[in-house]
1. Counting only residues that are assigned to a loop (DSSP other than H, G, I, E, B) and either hydrophobic (A, V, I, L, M, F, W, C) or exposed (fewer than 12 other Cβ atoms within 10 Å of the Cβ) (or both), how many does the stretch 3-19 have?
2. Out of contact with any Phe, Trp or Tyr (no Cβ under 6 Å at 6 or more places or on another chain), more than 24 Å from Glu68 (Cβ to Cβ) and among the acidic types (Asp, Glu), is that true of Asp36?
3. Name the residues in the stretch 59-69 that are surrounded by 12 or more Cβ atoms within 10 Å (Cβ to Cβ) and not charged (D, E, K, R), would you?
4. Whether any residue in the stretch 74-94 is under 20 Å from Ile17 (Cβ atoms), part of a loop (DSSP other than H, G, I, E, B) and modelled with pLDDT of 95 or more is what I want to check.
5. Restricting attention to the stretch 20-45, which residues are closer than 27 Å to Gly87 by Cα and part of a loop (DSSP other than H, G, I, E, B)?
6. Condition first: in a helix (DSSP H, G or I), touching a helix residue (DSSP H, G or I) at 6+ places or on another chain (Cβ under 9 Å) and surrounded by 14 or more Cβ atoms within 10 Å (Cβ to Cβ). Now tell me which residues in the stretch 46-58 satisfy that.
7. What are the residue pairs meeting all of these: first residue in the stretch 52-71, first residue within 22 Å of Gly38 (Cβ to Cβ), second residue assigned to a helix (DSSP H, G or I) and of a type in the set (S, T, N, Q), Cβ atoms under 6 Å, and 6 or more apart or on different chains?
Amino acid sequence: MVNPASPFNRDFILKQIKISYDLHGARKVILMHHTDCGAYGGHKAFDSELEEEQKHLRDMEEAARTIESQWPGIEVAMVLIKMTAKGNEFVEIR
């Protein structure tokens, strides 16, 4: 949503949130990212795990601000899934 390949993708996501908000009374959005994401270039695109995690968190924060600005009072939760060779770890950010 933050860096879409096409503005259509961002608009599509926001439209789906609007439909859920208006028609179904949804008042919570859950944003999920995962490390080693191919759209970001995977682990190898970053110099460290910390750098990779921070990039995902910044992007989720920006997406949350966009959503909250359009629907004041909506709750936005953020979850980062850390993909590792030993198994995946789910971390709720907020």
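1. Here is the first cut: in the stretch 3-19, the residues assigned to a loop (DSSP other than H, G, I, E, B) are 3-6.
Of the ones still in play, those that are also either hydrophobic (A, V, I, L, M, F, W, C) or exposed (fewer than 12 other Cβ atoms within 10 Å of the Cβ) (or both) are 3, 5-6.
Residues in the stretch 3-19 being assigned to a loop (DSSP other than H, G, I, E, B) and either hydrophobic (A, V, I, L, M, F, W, C) or exposed (fewer than 12 other Cβ atoms within 10 Å of the Cβ) (or both): 3 in total.
2. Values: out of contact with any Phe, Trp or Tyr (no Cβ under 6 Å at 6 or more places or on another chain): yes; more than 24 Å from Glu68 (Cβ to Cβ): yes; among the acidic types (Asp, Glu): yes.
Answer is yes for this residue.
3. Those that are surrounded by 12 or more Cβ atoms within 10 Å (Cβ to Cβ) and not charged (D, E, K, R): Met60, Ala63, Ala64, Thr66, Ile67.
4. yes
5. So in the stretch 20-45, the residues closer than 27 Å to Gly87 by Cα come out as 29-45.
Thr35, Asp36, Cys37, Gly41, Gly42 - these are the residues of the stretch 20-45 that are closer than 27 Å to Gly87 by Cα and part of a loop (DSSP other than H, G, I, E, B).
6. Filtering the stretch 46-58 for residues in a helix (DSSP H, G or I) gives 49-58.
Adding the requirement that they be touching a helix residue (DSSP H, G or I) at 6+ places or on another chain (Cβ under 9 Å) leaves 49, 52, 55-56.
Answer for the stretch 46-58, where residues must be in a helix (DSSP H, G or I), touching a helix residue (DSSP H, G or I) at 6+ places or on another chain (Cβ under 9 Å) and surrounded by 14 or more Cβ atoms within 10 Å (Cβ to Cβ): Glu52, Lys55, His56.
7. The qualifying pairs do not exist here.
The values are calculated or read from the model by the stated rules, or taken from the named source; none is laboratory data. In this text the structure is predicted, and so the values were computed from the model without any measurement. Here Cβ is always computed from backbone atoms with ideal geometry, including for glycine, and neighbour counts include all displayed protein chains.
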